[in-house]
1. Quick check: the distance between the Cα centres of the stretch 100-149 and the stretch 16-30, to the nearest angstrom?
2. Determine how large the accessible area of TYR66 is when every protein chain is in place; take a 1.4 Å probe and give Å² rounded to the nearest 10.
3. Skipping prolines and chain starts, which residues have an amide H placed within reach, meaning under 5 Å, of the one on LYS111, given they are 5 or more residues away or on another chain?
4. Would you kindly derive the ³J(HN,Hα) couplings of the stretch 88-93 from the backbone phi angles with the Karplus curve 6.51 cos²θ - 1.76 cosθ + 1.60 (θ = phi - 60°), listing them in order in whole Hz, with x for Gly and Pro?
5. How about the stretch 78-149: which trypsin sites (Lys or Arg not before Pro) there are in a DSSP loop, with at most 13 other Cβ atoms within 10 Å of their Cβ?
6. Based on the Cβ-Cβ distance from ASP31 to ASP78, what FRET efficiency comes out when R0 is 30 Å, to the nearest 0.05?
7. Once the piece of chain linking MET22 and THR68 is laid out straight, how much longer is it, given 0.36 nm per residue of separation minus the C-alpha distance between them?
8. Based on the Cβ-Cβ distance from GLU93 to ARG129, what FRET efficiency comes out when R0 is 22 Å, to the nearest 0.05?
Amino acid sequence: MSEKKKLSAKKYLEQLEIIDMMINQDLERLDDMKTDACSAGGIDYSKDRVQTSMSGDSIGNTVVRYVTLNDEINAEIDSFIDAKNQIIHEIRELKDKNFINVLYKVYVQYKNVKTAAYEMGMSYPHVKRLHQNALLMFEDMFSDLHYLT
């Protein structure tokens with residue numbers, strides 16, 4: 001049985017943005033595959049014609065790879081939604097409106113602390129302290145912070 005690595009609150013909460021980024025990268029790969037599959041290859045008529053044999057169904061293989069990657073992305077999205085809901089629920093367990101607000105803005109909406117401070121109508125130094133204290137409280141409340149995926 002493998003031991004789960006304990007994480008800091010910050011690393012634990014940052015997982016959402018990392019998972020989201022990886023899903024977006026996979027979606028770009030899927031789009032590239034679709035573009036490659038739909039583009040017609042050029043034929044060079046200047047060369048001598050040589051009889052060749054077909055080695056497998058390249059379009060069929062491309063479609064299988066596309067569908068497989070699409071299914072993997074859908075599974076990643078499902079896992080991401082579960083992780084996001086879990087983290088939102090955990091953040092809300094802090095019960096302090098300012099702690100909840102700053103952690104939600106920074107780790108669920110991917111905003112920086114300066115933007116969060118502006119949106120909360122508070123000074124940056126104050127929200128920076130709130131953020132640090134919220135992370136400490138989060139770690140105290142949830143001692144078993146580990147990788148979600």
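1. 23 Å
2. The accessible area comes out at roughly 70 Å².
3. Amide H to amide H, under 5 Å and 5 or more residues apart or across chains, LYS111 pairs with VAL106.
4. Whole-Hz 3J(HN,Hα) from phi for the stretch 88-93: 4, 4, 5, 4, 5, 6.
5. Listed in order of number, the matching sites are LYS95.
6. Once the sixth-power term is evaluated, E becomes 0.90.
7. Length gained, MET22 through THR68: 14.9 nm.
8. The calculated FRET efficiency here is 0.60.
The values are calculated or read from the model by the stated rules, or taken from the named source; none is laboratory data. Keep in mind that this is a model prediction, so the values were computed, not measured. Because the Cβ atoms are built from the backbone with ideal geometry, glycine has one as well, and the counts that use them run over all protein chains shown. For the accessible areas, the whole protein counts, side chains as well, though only heavy atoms, and no ligand, DNA or RNA atoms are used. Shrake-Rupley method; radii C 1.70, N 1.55, O 1.52, S 1.80 Å.
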